[in-house]
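A short worksheet on the structure shown next.
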Amino acid sequence: MSAIFDVAVIGAGPGGYVAAIRCAQLGLNTVCIDEWKNPQGKPSLGGTCLNVGCIPSKALLESSENYERAAGKFAAHGIRIENLSFDVPTMIARKDKIVSAFTGGVAMLLKKNKVTSIHGRGILLSGGDGDTPWRIAVSDGDEKEMVEARHVIIATGSTPRQLPFAPVDNERILDSAGALALTDVPARMGVIGGGIIGLEMGSVWRRLGAEVTILEALPGFLAAADEQVAKEARKLLTRETGLVIQTGATITGISAGENSVAVEYATPENGAAKLEVDKLIIAVGRVPNTAGLGAENIGLKVDERGYIEVDDHCRTNLRNIYAIGDVVRGPMLAHKASEEGVAVAETIAGQDGHVNLGTIPSIIYTSPEIAWVGKTEQELKAAGVSYKAGQFPFMANGRARALGETGGFVKVLADAATDRILGVHMIGPYVSEMIAEAVVAMEFAASSEDIARIVHAHPSLSEVLHEAALGVEKRAIHI
């Protein structure tokens, strides 16, 4: 290409395409480079999130939850269904249609904002000396193209972490993408990893009839969440969803046969054990996708775990090169990547872009849902921070009773001296939507009293947060 772009974005996931669009809105001539292909071998924008992550997993979670409601919960509402059945290929086709709509939508948004889109792997070659633009080779099979840009935003995302003794073939041993593409329900499913991906994928197939056993290496369940929430989540997921969850599980061997997979493991409580399943999902986290980026060509600093080193504004050690999303510090979340993309675009344009890593919400879309923002109780205790806590159960909420979803609670943690909210933790119905109020409150340095004094609609689930905030000063009304 003859033109020199103002900005080249490498990666078109939620961080990359949002960064590219915001750059274009700010008047910067922008190119977005992405190598993702769909199963048919065609370019497909949106990265992991839109193709094999956030969006397709939520589509299957919704389908499986609808079936579970119809099978086990509608009768309490006086709704009886005879000869209930489900069709997995139809569920998968619906999921694929949603994915196609969104990935096509990203392409339209880039075009609408006059962002040049190039398919292929972006490899950093040279540049950055004085006013020399950065040179990026774009390789798509045998075709190669050269791009030059004054600024570069690296947004190449992450890939599933592999276990060397359990190679993924997406036939018997699956990664997250394989778990989203099954066309029938296995009788027995194993999941290695009890984090967000493992719990969500395990929930989908358990609701549809699979016997699901989750093996988590850590001694505790959901270590990143508040301990009280994690304890409640394990109880509810085991009792209501029927997941079998083993913590402290050390995998000692995995062998795939023609029709099954055998997993040998040991736990402190029960010693050596063996699990035989029809399908095994490997969900042991993700690693930054920085291999093959060409970091060594230009001296870009990448740590031993593959993360690109950046400052608080996502600047790397090189002039005019930024990195965002899963390839840098912080949680691997799509919304975090998107906001970093906006912040970097605004920084390049001379504005004051910023992302507060302390107010990024985390959500697990199981049933019940789990959501939190800010510090957990165990973090506050470890740091020696004096705090107050208020808590309120969904069981005492009118809307939750009407929905028939009464498990869980909301907890508000506030500074003992200033009453400033330090963390909010939720488990229950639709808390993925409720957490936004807590994020806004924390971003504007609100106190628990601020939420306690705001009128919340009745009857609504948001009243549970209201009562929890009142509970910080032992003023909850309905308990």
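Structure above, values below:
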item	result
Residue that is farthest from the chain's Cα centre (by Cα) [pool: residues in the stretch 114-161 that are in a strand (DSSP E or B) and of a type in the set (G, A, S)]	S126
Residue within the stretch 71-83 that is open to solvent by less than 20 Å² (accessible area, probe 1.4 Å) and not in a loop (DSSP other than H, G, I, E, B) present	no
Verdict on R305 being touching a strand residue (DSSP E or B) at 6+ places or on another chain (Cβ under 7 Å) and of a type in the set (D, E, K, R)	no
Filtered residue count, the stretch 34-53, keeping only those that are open to solvent by less than 60 Å² (accessible area, probe 1.4 Å), in contact with a Ser or Thr (Cβ under 8 Å, 6 or more places away or on another chain) and at negative phi	9
Matching entry among A446, A452, A438 (being free of Cβ contacts under 8 Å to residues at least 24 places away in the same chain and crowded, with 17+ Cβ neighbours inside 10 Å)	A452
Selection status of L222, in contact (Cβ under 8 Å) with a residue 60 or more places away in the chain and assigned to a strand (DSSP E or B)	no
Hey, L199 under 21 Å from R161 (Cα atoms) and crowded, with 16+ Cβ neighbours inside 10 Å or not	yes
Within the stretch 138-183, considering residues that are open to solvent by 20 Å² or more (accessible area, probe 1.4 Å) and aliphatic (A, V, I, L, M), the one farthest from K97 (Cα to Cα)	M146
Residue in the stretch 19-29 that is nearest to G341 (Cα to Cα), counting only those that are open to solvent by less than 40 Å² (accessible area, probe 1.4 Å) and either out of contact with any Leu (no Cβ under 9 Å at 6 or more places or on another chain) or of a type in the set (G, A, S) (or both)	A19
Filter result (at pLDDT 95 or above, touching a strand residue (DSSP E or B) at 6+ places or on another chain (Cβ under 9 Å) and not in a loop (DSSP other than H, G, I, E, B)) within the stretch 25-42	T30, V31, C32, I33, D34
Single condition D352 does not satisfy, out of (1) within 30 Å of L28 (Cβ to Cβ); (2) in contact (Cβ under 8 Å) with a residue 12 or more places away in the chain	(2)
Among (1) in contact with a Gly (Cβ under 8 Å, 6 or more places away or on another chain); (2) without any contact (Cβ under 8 Å) to a residue 12 or more places away in the chain; (3) not charged (D, E, K, R), the one test that G11 misses	(2)
The lone exception for A383 - which of (1) modelled with pLDDT under 95; (2) over 25 Å from the mean Cα position of the chain (by Cα) it fails	(1)
Any hit, the stretch 396-418, residues being in contact with a helix residue (DSSP H, G or I) (Cβ under 7 Å, 6 or more places away or on another chain), open to solvent by less than 40 Å² (accessible area, probe 1.4 Å) and of a type in the set (F, W, Y)	yes
Pair list, Cβ < 7 Å and 6+ apart or interchain, from the stretch 191-211 residues that are of a type in the set (K, R) to residues that are open to solvent by 20 Å² or more (accessible area, probe 1.4 Å)	R206/G242; R207/E65; R207/Y67; R207/E68
Hits in the stretch 334-354 (condition: open to solvent by 30 Å² or more (accessible area, probe 1.4 Å) and in a loop (DSSP other than H, G, I, E, B))	A349, G350, Q351, D352, H354
Residues of the stretch 85-99 satisfying the condition of being surrounded by 11 or more Cβ atoms within 10 Å (Cβ to Cβ) and touching a residue at least 12 places away in the same chain (Cβ under 8 Å)	F86, V88, M91, I92, R94, K95, D96, I98, V99
Residues (more than 24 Å from I21 (Cα to Cα) and open to solvent by 70 Å² or more (accessible area, probe 1.4 Å)) located in the stretch 100-131	D129, D131
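For (1) closer than 19 Å to A334 by Cα; (2) over 24 Å from the mean Cα position of the chain (by Cα); (3) not polar (S, T, N, Q), each residue gets a yes or a no:
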| position | (1), (2), (3) |
| --- | --- |
| A12 | yes, no, yes |
| L45 | yes, no, yes |
| E62 | no, no, yes |
| H77 | no, yes, yes |
| N83 | no, yes, no |
| V99 | yes, no, yes |
| G105 | yes, no, yes |
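The values are calculated or read from the model by the stated rules, or taken from the named source; none is laboratory data. Note that this is a predicted model, so its numbers are computed, not measured. All Cβ positions, glycine included, derive from the backbone under ideal geometry; neighbour counts span all protein chains shown. Just the protein is used for accessible areas: all its heavy atoms, side chains included, with ligands, DNA and RNA removed. Shrake-Rupley method; radii C 1.70, N 1.55, O 1.52, S 1.80 Å.
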